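**Student:** What follows is a structure written as structure tokens; I'll ask about it next.
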Amino acid sequence: MTELRVSHLIDEADELLDNKFHVGSYCLFMNTDDIQDILSKIRAILPEEIKTAEMILKRRDDIYMEAQNRADRIISEAQNTAANILSESELIRAVREKAAKIQEQVKDSCEEMKNKAAEEADLLRKNAFQDAMQTKEGAQAYAEEVLNNLNKDIEQIHRIVRNGQEYLAQQKERAKESPQDYAKAFVEQ
């Protein structure tokens, strides 16, 4: 969901860039406050990715504790059942051996569950970190691209202004040199 919100904000910024005011092939105006607002929203969303990773780690710990508690209960129940049923006979020895085997199997099973949960949690944490880094890198690359485009637009505006100033200076010079010819050319236009 966060990825969709980040994508939506990036699309909004892109739309703002597409809606700039054009004269000919030159961009004359752009509202940078709107773009800065969208970029701020993107920065605010990124910490949610980190919160998601923390929740995954907490869930891993909960699964581990649940598995440990279940194992303890199973072992405790097996010991209580064995103690209540058994007496001092050969049957007791056989049951104790069976209980020890079951207890070992339960310990192995719990250890396997614990290891699997830890591996899954580590994988989820790594994936969440990679996703967060990719999102951050993508946002930075997009911001760099936007800034580069803004720089190009500003350079074009500067060129237009310089050309206009040069044109006006030439017109002023022509008017000084030959006011009658300048007035006649101005009327004909």
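The values are calculated or read from the model by the stated rules, or taken from the named source; none is laboratory data. What you are looking at is a predicted structure, and each value in this text was computed from that prediction instead of being measured. Counting neighbours? That spans all protein chains shown, and the Cβs are built from the backbone with ideal geometry, glycine included. Keep in mind that these areas ignore ligands, DNA and RNA; they rest on the heavy atoms of the full protein, side chains included. Shrake-Rupley method; radii C 1.70, N 1.55, O 1.52, S 1.80 Å.
**Student:** Is it fair to say N149 is touching a residue at least 24 places away in the same chain (Cβ under 8 Å) and either part of a helix (DSSP H, G or I) or on the phi > 0 side of the Ramachandran plot (or both)?
**Tutor:** Here the answer is yes, as N149 does meet what is asked.
**Student:** For S76, all conditions in the list (1) under 25 Å from the mean Cα position of the chain (by Cα); (2) at pLDDT 75 or above; (3) open to solvent by less than 60 Å² (accessible area, probe 1.4 Å) hold save one; what is the number of the exception?
**Tutor:** (1)
**Student:** Could you check the stretch 126-152 and list, in sequence order, the residues that are touching a Leu at 6+ places or on another chain (Cβ under 9 Å) and either among the acidic types (D, E) or open to solvent by 90 Å² or more (accessible area, probe 1.4 Å) (or both)?
**Tutor:** Matches in the stretch 126-152: K136 only.
**Student:** Please indicate, with yes or no, whether at least one residue in the stretch 97-105 is part of a helix (DSSP H, G or I) and either in contact (Cβ under 8 Å) with a residue 24 or more places away in the chain or closer than 30 Å to E54 by Cα (or both).
**Tutor:** Checking the stretch 97-105: at least one residue is part of a helix (DSSP H, G or I) and either in contact (Cβ under 8 Å) with a residue 24 or more places away in the chain or closer than 30 Å to E54 by Cα (or both).
**Student:** Answer yes or no: is there a residue in the stretch 79-97 that is surrounded by fewer than 16 Cβ atoms within 10 Å (Cβ to Cβ), under 50 Å from the mean Cα position of the chain (by Cα) and charged (D, E, K, R).
**Tutor:** No, because not a single residue in the stretch 79-97 is surrounded by fewer than 16 Cβ atoms within 10 Å (Cβ to Cβ), under 50 Å from the mean Cα position of the chain (by Cα) and charged (D, E, K, R).
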